[in-house]
Amino acid sequence: MKKHNFNAGPSILADEVIEKAAKAVLDFNGSGLSVLSISHRTKDFDAVMEEADRLFRELLSIPDNYKIFYIGGGASTFFYEVAANFLGKKAGYVNTGVWSKKAIKEAKRYGEVEVLATSEDRNFTYIPKGFAIPEDLDYLHITSNNTIYGTEYHEDIDSPVPLIADMSSDILSRPVDVSKYAMIYGGAQKNLAPAGVAFAIIREDMLDRIVRDLPTMVSFRTHVENNSMFNTPPVFPIYVLKETLCWLKSIGGVEEIYRRNREKAALLYGE
Ligand SMILES: Cc1ncc(COP(=O)(O)O)c(C=O)c1O
């Protein structure tokens, strides 16, 4: 009998992906080496990175003026890195649960944080709407899916300031208009890969808005300019991420996974 995992942490990957990963652990691309034993600076791994980039772009219709990069350290690392890179004076945050709160806490280390809206008054059971977004903010940060409370933005909001979204638990689960965001980031362990890699999709002009001199590894410029290869990237999770993207494409892309997700949700919530 097939078992289910309803945990909010690392989630079930497609069987096909796990089978491919298992094979690659034994012999990667017929190279005679395990994917666990290869250098990230090889032609074989370059091909993995290129394909992941191509598929990510295709599946989410990511415009050409966006770059994708990967880091270790999880989405939690992006909580402080987003602020370190972009919070000069004041940023706006929407507080919709545990993960927003964590992002807010880290941002306060770098500047003023204005919580523009919160759903804490009703135990985070809704997504605040219709709040004003001041135009003098460095950026607006939202958590697109509140993993613990289960509330989600079902539409991409309009923002007069750069919109940054933590999409850890709903990336590639529904179509997204990437052009509305200055940056999308998340841990990959819910929808794309095993734990160990976090992704970012960033509009190129944001790199010119980095507000301070940062340690090399903290600056987003480092990872974009070095194609996620400034240091050793999490090779195996990136390999599995690429296989998940291939699988998503093979089943019909985001439209199809969105349809399946709505069907699954209806079954569960209906019950
Ligand atoms: C929405 C959201 N943001 C951030 C995180 C933290 O991610 P990580 O464990 O990769 O740091 C999680 C983890 O569950 C999450 O669900």
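The values are calculated or read from the model by the stated rules, or taken from the named source; none is laboratory data. Since this is a predicted model, take the numbers as computed values, not measurements. Here the Cβ is made from the backbone with ideal geometry for all residues, glycine too, and neighbour counts use every protein chain on show. What goes into the accessible areas is simple: the full protein's heavy atoms, side chains included, and nothing from ligands, DNA or RNA. Shrake-Rupley method; radii C 1.70, N 1.55, O 1.52, S 1.80 Å.
Condition check for Tyr139 on (1) surrounded by 20 or more Cβ atoms within 10 Å (Cβ to Cβ); (2) under 15 Å from the mean Cα position of the chain (by Cα): one failure, at (2). Within segment 88-130, the set of residues being within 21 Å of Val218 (Cβ to Cβ), of a type in the set (Gly, Ala, Ser) and open to solvent by less than 10 Å² (accessible area, probe 1.4 Å) comprises Ala91, Ala103, Ala107.
Search segment 157-183 for residues being open to solvent by less than 10 Å² (accessible area, probe 1.4 Å) and within 12 Å of the ligand (Cβ to nearest atom), and hand back the single one that is nearest to Asp138 (Cα to Cα). By that ranking, first place goes to Ala165.
Right, Leu59: more than 11 Å from the ligand (Cβ to nearest atom), hydrophobic (A, V, I, L, M, F, W, C) and in contact with a Gly (Cβ under 8 Å, 6 or more places away or on another chain) or not? When the stated conditions are applied, Leu59 passes them. For segment 70-87, the condition of being within 22 Å of Ser159 (Cα to Cα), more than 16 Å from the ligand (Cβ to nearest atom), in contact (Cβ under 8 Å) with a residue 24 or more places away in the chain and open to solvent by 80 Å² or more (accessible area, probe 1.4 Å) holds for none of the residues. Of all residues in segment 164-179, those that are farther than 23 Å from Gly150 by Cα and either in contact with an Asp or Glu (Cβ under 7 Å, 6 or more places away or on another chain) or outside any helix (DSSP H, G or I) (or both) total 0. The residues on offer are Asn145, Asn191, and the sole one that is open to solvent by 20 Å² or more (accessible area, probe 1.4 Å) and either in contact (Cβ under 8 Å) with a residue 60 or more places away in the chain or closer than 17 Å to Ile12 by Cα (or both) is Asn191. Quick one: in segment 212-271, which of the residues that are of a type in the set (S, T, N, Q) and at positive phi is surrounded by the most Cβ atoms within 10 Å (Cβ to Cβ)? Looking at residues that are of a type in the set (S, T, N, Q) and at positive phi, I get Ser228. When Leu248 is tested against (1) under 26 Å from His154 (Cα atoms); (2) within 16 Å of the ligand (Cβ to nearest atom), only condition (2) is not met.
Taken over segment 186-216, the residue count meeting the criterion of being part of a loop (DSSP other than H, G, I, E, B) and under 22 Å from Met167 (Cα atoms) is 11. Take the conditions (1) within 27 Å of Gln189 (Cβ to Cβ); (2) not in a loop (DSSP other than H, G, I, E, B); Gly150 misses just one of them, which is (2).
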